[in-house]
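Structure record follows, encoded as structure tokens.
The values are calculated or read from the model by the stated rules, or taken from the named source; none is laboratory data. Please read all numbers here as calculations on a predicted model, not as lab measurements. Virtual Cβ from ideal backbone geometry, glycine too; neighbours counted across all protein chains shown. Ligands, DNA and RNA are stripped out before the accessible areas are found, and what is left, the full protein with its side chains, is counted by its heavy atoms. Shrake-Rupley method; radii C 1.70, N 1.55, O 1.52, S 1.80 Å.
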Amino acid sequence: MQTVTLIPGDGIGVETSAAMQRVVEASGAAIDWEIAPAGEACIAEFGTPLPDSTLEACRRNGVAIKGPVTTPVGTGFRSVNVALRKELGLYVCLRPVVSLPGVGSRYEDVDLVIVRENSEDLYAGVEFEEGSDGAARLISLCEDEGAGIIRSDSGISIKAISRTASQRIVRWAFEYALANGRHKVTAVHKANIMKHSDGLFLAEARAVAAEYAGRVEFDDKIVDAFCMNMVIDPQQFDVVVFPNLYGDIASDLAAGLVGGLGLAPGANIGDDCAVFEAVHGSAPDIAGQDKANPTAQILSAAMMLDHIGQRRAAERIRRAIRSVYARGECLTGDIRWASGSDLPAARCSEFTDNLIETMEAEA
Ligand code: NAI
């Protein structure tokens, strides 16, 4: 029996987490849940959207699954997601992108894996406000060093890419490829323009790739060309490794190619802990209405079950999901909308009932 920390989250997270919990329990997985709070509702009680007790629960159990958490705008609170990744050392963001039958999306045979660096780059939030002393000092330093002229009324965000984090994420991508029967790793960058940050990432990617020569193929793509290739021919990609920000954007692009955010699962992984979560956010526009598609969070739970060695339960869940989509009778509104179908939309709870019945019928 494995204890898993469950962070239900905000908005539709409450609904998708409940659906996920029911499906995992019906799959026969040997799991005990330890429920831990995070998000807007915690602020009044704990004075923070990410209580220490929740971080402790993640550390203690080594594995967690969370629903999306709203990032309060203008309150001064940091994003719970960024804080979790940092506090728990979750340096890998893993996002498989796989077509499901019957979704009616642009492509029917996409099967690629996004490996996104999770700890640095522009996304790390190292910033100087316009007009601040720090911004002024940095602007003069750039001028004094001959690095370039920055307008004096600029806000500045720092893009730092390290040798350490680049090597670590690319090596992780190659090891993932070997362990999962994948044949190619593609590194995505803009090294032609950002020579000292993306250029370093690419140089490290090439050096690591050389260690795997003959076992896993390697190529690289400039990020703009990568986006065009994804839209025209996503089947050419297998494992794709990114610095943080490009990986963030490419994840939504990739999700859109296979039917949208309602279908995109993910995981944040470190050496001692892993937190599984859907790519999507708390969707305030449909929260509390039983309309959300819980598939992304349920597929995230299947990834979690693989991670803790409960592959049979994971495969039961994935097989039933494929069957429900192939039948196409009980699908949520986001999928109906994306495929232009005028069939009625199933509620989140109806979809979940149907999935559990299917899983039981296939046992
Ligand atoms: P969002 O992903 O919540 O919503 C974007 C659009 O996709 C909305 O129209 C929404 O209704 C739809 N959508 C998303 N997931 C869906 C699902 N499972 N089923 C059906 N429709 C779905 O992105 P948005 O609006 O930019 O962010 C809302 C909040 O979520 C923000 O506070 C943001 O910071 C937070 N967020 C949290 C994340 C996390 O906790 N991992 C990730 C992304 C955003």
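Some notes on this structure:
- Pairs where the first residue, in segment 176-197, is open to solvent by 60 Å² or more (accessible area, probe 1.4 Å) and the second is part of a loop (DSSP other than H, G, I, E, B), C-beta under 9 Å, 6+ apart: Leu178/Tyr212; Leu178/Arg215; Leu178/Val216; His183/Val216; His183/Asp238; Met194/Lys159; Met194/Ile161; His196/Ile161
- Filtered residues of segment 317-338 (kept if surrounded by fewer than 16 Cβ atoms within 10 Å (Cβ to Cβ) and either outside the structural domain of Ala302 (by TED's automatic domain parsing) or more than 18 Å from Met20 (Cα to Cα) (or both)): Ala326, Arg327, Glu329, Trp337
- Scanning segment 259-297 for residues that are of a type in the set (A, V, I, L, M) and more than 8 Å from the ligand (Cβ to nearest atom) gives Leu263, Ala264, Ala267, Ile269, Ala274, Val275, Ala287.
- Residue in segment 284-291 that is under 23 Å from Leu88 (Cβ atoms), in the same structural domain as Tyr91 (by TED's automatic domain parsing) and buried (at least 17 other Cβ atoms within 10 Å of the Cβ) present: no
- Residue within segment 20-34 that is without any contact (Cβ under 8 Å) to a residue 24 or more places away in the chain, surrounded by 15 or more Cβ atoms within 10 Å (Cβ to Cβ) and within 16 Å of the ligand (Cβ to nearest atom) present: yes
- Residues being without any contact (Cβ under 8 Å) to a residue 60 or more places away in the chain, surrounded by 20 or more Cβ atoms within 10 Å (Cβ to Cβ) and more than 13 Å from the ligand (Cβ to nearest atom) - total across segment 43-60: 2
- Among (1) in a loop (DSSP other than H, G, I, E, B); (2) among the small types (Gly, Ala, Ser); (3) open to solvent by 10 Å² or more (accessible area, probe 1.4 Å); (4) within 14 Å of the ligand (Cβ to nearest atom) - the single one Gly256 does not satisfy: (1)
- Residues within segment 230-248 that are out of contact with any Lys or Arg (no Cβ under 6 Å at 6 or more places or on another chain) and within 26 Å of Tyr325 (Cβ to Cβ), tallied: 9
- Yes/no for Asp306 being modelled with pLDDT under 95 and not in a loop (DSSP other than H, G, I, E, B): no
- First in segment 216-227 and part of a strand (DSSP E or B), second anywhere and open to solvent by 50 Å² or more (accessible area, probe 1.4 Å), Cβ under 9 Å, 6 or more apart: Glu217/His183; Phe218/Arg206; Phe218/Ala210; Asp220/Arg206; Ile222/Asn192; Ile222/Ile193
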